[in-house]
């Protein structure tokens, strides 16, 4: 959501003691008070669900006295969707039953902070029509939620457990959403599917409790049932890589005054895969290590050393200087690229080859379908490979916008909407026959075909 959020003020005050919030959430990153849902008034009066700077999920409610509990578990897998359920019911005589938090179907152990659990029959301000309810924004500290949400339910007057909204897939054993759970929404309840890109705050519960969208909200095809590759803020080489910023679901990386090295979240060892990168805001002079690569994922990396000296990383790339580069060795290859150029990557793990294009033209007269004109043909498909981005000089800065099939570069939709053969993914340029987007549905189809 970044600087986008949803608002609604209830038409009437209903049950301020008992409610449930359920949502599927994918985090780009977690900052202090990254607010998921709640109500707020200036001064010491608020109720909120948020992620803190230590990646713990917190439920905070306050009216002079601060009551707060947080999960012992940390939520810092930025490649995954989490199903979060908060069941709030202060009518319970046992204090541990007044706030329950579930993550992916499992009730969490909680640590009491401040005054811990609220007192019995304590009234919060959720469901109170005197207070604006926000999703994705904490007005107390002006902090936004940065990530994606799907299938958000809120029930007024009933505290449900996680099994109401999700279930374990009998085949895969993976926790998955119930698309039409049997719940009583109550007067102020709602169900946000985010399925209408022109009206993302539409309530599908039947209550017409629609939210107002503030800012520009971008709809994504990345969902709990089909997770797309992103870049990974936990897989960056330091200490030089301190100036990189991540946004737009970890699909936009900005290198400023420092070096940048970053690895993608999904790797493959067989099959044929396609993605695109659009470079914007490039300035200065790049070197042969600045650009886009595929990289072998071989166990634990030493993220404190220069990545191109890591034998286990085994990088094969296309530099902004127009060279191709294997590890620390660069040779002549194709055209240089700069701001507004779009680089395509065709990764053929069946034949251990990689091809690169610039603005739809395959370099070195490459043909990813016939297998000729490749950049490299010595990948090792006994390992997994993923996308790797590098800005290897402080003399050159830029913004790397990845499209793994979401159909956007940053917040700008692609103009031509090309699809792979299986129909999963949206790209700027025609996808070579037989190549797919890096997403779990396509990977699973490849692995189990």
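Of all the criteria given as (1) over 25 Å from residue 297 (Cβ atoms); (2) buried (at least 21 other Cβ atoms within 10 Å of the Cβ); (3) without any contact (Cβ under 8 Å) to a residue 24 or more places away in the chain, the one not satisfied by residue 366 is (1).
Does region 71-81 include one or more residues that are more than 20 Å from the chain's Cα centre (by Cα) and farther than 20 Å from residue 151 by Cα? Before the answer, list the steps.
To start, the set of residues in region 71-81 that are more than 20 Å from the chain's Cα centre (by Cα) comprises 71-72.
Now narrow it down to the ones that are farther than 20 Å from residue 151 by Cα: 71-72.
Yes, because at least one residue in region 71-81 is more than 20 Å from the chain's Cα centre (by Cα) and farther than 20 Å from residue 151 by Cα.
Just one of the listed residues (161, 156, 89) is at pLDDT 95 or above, over 30 Å from residue 233 (Cβ atoms), surrounded by fewer than 17 Cβ atoms within 10 Å (Cβ to Cβ) and in contact with a strand residue (DSSP E or B) (Cβ under 7 Å, 6 or more places away or on another chain), namely 161.
If you go through region 375-390, how many residues are over 17 Å from residue 337 (Cβ atoms) and buried (at least 23 other Cβ atoms within 10 Å of the Cβ)?
Step one: filter region 375-390 for residues over 17 Å from residue 337 (Cβ atoms), giving 376-386.
Filter once more, keeping what is buried (at least 23 other Cβ atoms within 10 Å of the Cβ): 385.
The number of residues fulfilling the criteria is 1.
Residues satisfying the criterion are absent from region 204-225 (criterion: outside any loop (DSSP other than H, G, I, E, B), buried (at least 20 other Cβ atoms within 10 Å of the Cβ) and touching a strand residue (DSSP E or B) at 6+ places or on another chain (Cβ under 6 Å)).
Residues checked against (1) crowded, with 16+ Cβ neighbours inside 10 Å; (2) in contact with a strand residue (DSSP E or B) (Cβ under 8 Å, 6 or more places away or on another chain):
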| residue | (1), (2) |
| --- | --- |
| 82 | yes, yes |
| 121 | no, no |
| 127 | yes, yes |
| 130 | no, yes |
| 136 | yes, yes |
| 147 | yes, yes |
| 152 | yes, yes |
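Looking at region 299-325 only, could you name the residues that are surrounded by 16 or more Cβ atoms within 10 Å (Cβ to Cβ), farther than 27 Å from residue 428 by Cβ and touching a residue at least 12 places away in the same chain (Cβ under 8 Å)? Give the derivation first.
From region 299-325, those surrounded by 16 or more Cβ atoms within 10 Å (Cβ to Cβ) are 301, 303, 307-308, 310, 313-325; that's our starting set.
Then keep just the ones that are farther than 27 Å from residue 428 by Cβ; that gives 301, 303, 307-308, 310, 313-314.
Scanning region 299-325 gives 301, 303, 307, 308, 313, 314.
Scanning region 410-435 for residues that are more than 15 Å from residue 222 (Cβ to Cβ) and assigned to a strand (DSSP E or B), we see that the one that is modelled with the lowest pLDDT is 412. Just wondering, is there one or more residues in region 171-184 that are outside the structural domain of residue 440 (by TED's automatic domain parsing), assigned to a strand (DSSP E or B) and closer than 25 Å to residue 45 by Cα? Scanning region 171-184 turns up no residue that is outside the structural domain of residue 440 (by TED's automatic domain parsing), assigned to a strand (DSSP E or B) and closer than 25 Å to residue 45 by Cα.
Within region 391-423, the set of residues being touching a helix residue (DSSP H, G or I) at 6+ places or on another chain (Cβ under 9 Å) and surrounded by 20 or more Cβ atoms within 10 Å (Cβ to Cβ) comprises 392, 405, 420. Residue 445 meets all of the listed conditions (1) surrounded by 16 or more Cβ atoms within 10 Å (Cβ to Cβ); (2) outside any loop (DSSP other than H, G, I, E, B); (3) modelled with pLDDT under 95 but one, namely (1).
The values are calculated or read from the model by the stated rules, or taken from the named source; none is laboratory data. Keep in mind the model is a prediction, meaning the values are calculated, not measured. Backbone-built Cβ (ideal geometry, glycine too); neighbour counts: all protein chains shown.
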